[in-house]
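**Student:** Supplied in C-alpha cells, the structure appears directly below.
The values are calculated or read from the model by the stated rules, or taken from the named source; none is laboratory data. Bear in mind the structure is a predicted one, so any value in this text is a computation, not a measurement. All Cβ positions, even for glycine, are placed from backbone atoms using ideal geometry, and neighbour counts span all protein chains on display. The accessibility values were calculated without ligands, DNA or RNA, using every heavy atom of the protein model including side chains. Shrake-Rupley method; radii C 1.70, N 1.55, O 1.52, S 1.80 Å.
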Amino acid sequence: MRYTTHRLAIPLILLTFFLSGCVLAESMTLSSSRGGSSSATLDAYPFFIDVLEDFSTFTAEPSDDSILDVIVRDFVTGLVNSQKALGINTRKTGRNSYVIDFTFQDFNALFNALAGNQEGRVLSLNATGNRTTLALDISLDTYDELSRIIPFLTDPGFEVYGPLYNQDMSADEYLEMIGYILGEDGPKAITDSRISLRFTTPAPIVSSQGVRIISSSVCEFSFPLIDFLLLHSPLTFSVTW
C-alpha cells in the first residue's frame, strides 16, 4: 500500500487527542430534573506530543499555543456558544493534561444546541411514564450529527482517515496505514487508547445494555479508539432508571 504522509497526519492526530489519544475520561452526573454536571479529564501520551511537535510547521496558522490547547479552547467555545452550558471551568493540570468542568439545566437542550439546534440522536435522554432512559448511538447514520458537535471531523484532511472512508478497511490494514504515517509507535498508541464515559443516575438503574454497572446508580461505557475510527459496528448503549 502507498499512503500520503505529513500533510494529512495532523487532523488524524487531532482526532486522536480529542477522543482519547491518551486517556479521555468523561464523568457526568444527572439530576431528576434533566440537569446535571460534567467533568472531563484529558491526559495526552508523550508520543502524540512528540508527533505534534514534528508536524507543527504544517498547522494552518502560527501560534504559541499547542495544537492540544487549541482543541480544548475550541471545545469550550462550542460550549459557550451553545448557551446551554453553565459554570464552564477549564484547568491545565499538567503540560499535556486538562480538566474541563461545566453544568447544564437541560441535557437534551445542551446536546441539541451542540448539534446545530436539531433533535439529537447521538446522545439523548427520554422519559416514558416514570422511567427515564439515557441512550448513545454513534454510527454511520448519526455521524453527520456527531460532526456538527465535533466540527474538525469534517476537515478534508481528516475525513480520509475517518469511518466514512475506512469502514471497509480491516483493523490490521488501518494500523498498517497508521504505522506508515506516524511511525512504529503509532499503531500501539492507537490500540492502547480508549474512550470512557461514566454516568451517575439520579435513581437506581433498572435495566441497561452495553454498559458496565459500577454501582446501583453508576455505569460506564468504554470502547477502543479504533472502534470509532472504523465504525464497523455502531457504538451504542442505553441505561434506564
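**Student:** I'm told LEU52 meets every condition in (1) of a type in the set (A, V, I, L, M, F, W, C); (2) modelled with pLDDT of 85 or more; (3) surrounded by 15 or more Cβ atoms within 10 Å (Cβ to Cβ) except one. Can you identify the failing condition by its number?
**Tutor:** (2)
**Student:** Please list, ordered by residue number, the strands (runs of 3 or more DSSP E) wholly in region 90-139 having 2 or more residues that are open to solvent by 40 Å² or more (accessible area, probe 1.4 Å).
**Tutor:** Working: elements: 97-104, 123-128, 131-138.
Counting at least 2 such residues, we get 123-128, 131-138.
**Student:** To continue, here is another question. Part of a loop (DSSP other than H, G, I, E, B) and either open to solvent by less than 70 Å² (accessible area, probe 1.4 Å) or hydroxyl-bearing (Ser, Thr, Tyr) (or both), is that true of SER222?
**Tutor:** No: the conditions fail for SER222.
**Student:** Name every residue in region 171-219 that is assigned to a helix (DSSP H, G or I) and under 17 Å from the mean Cα position of the chain (by Cα), in order of residue number.
**Tutor:** Residues satisfying the conditions are ALA189, ILE190, THR191, ASP192.
**Student:** Also, I was wondering about something else. Residues being surrounded by fewer than 18 Cβ atoms within 10 Å (Cβ to Cβ) and farther than 23 Å from TYR174 by Cβ: count how many of those fall in region 192-207.
**Tutor:** 6
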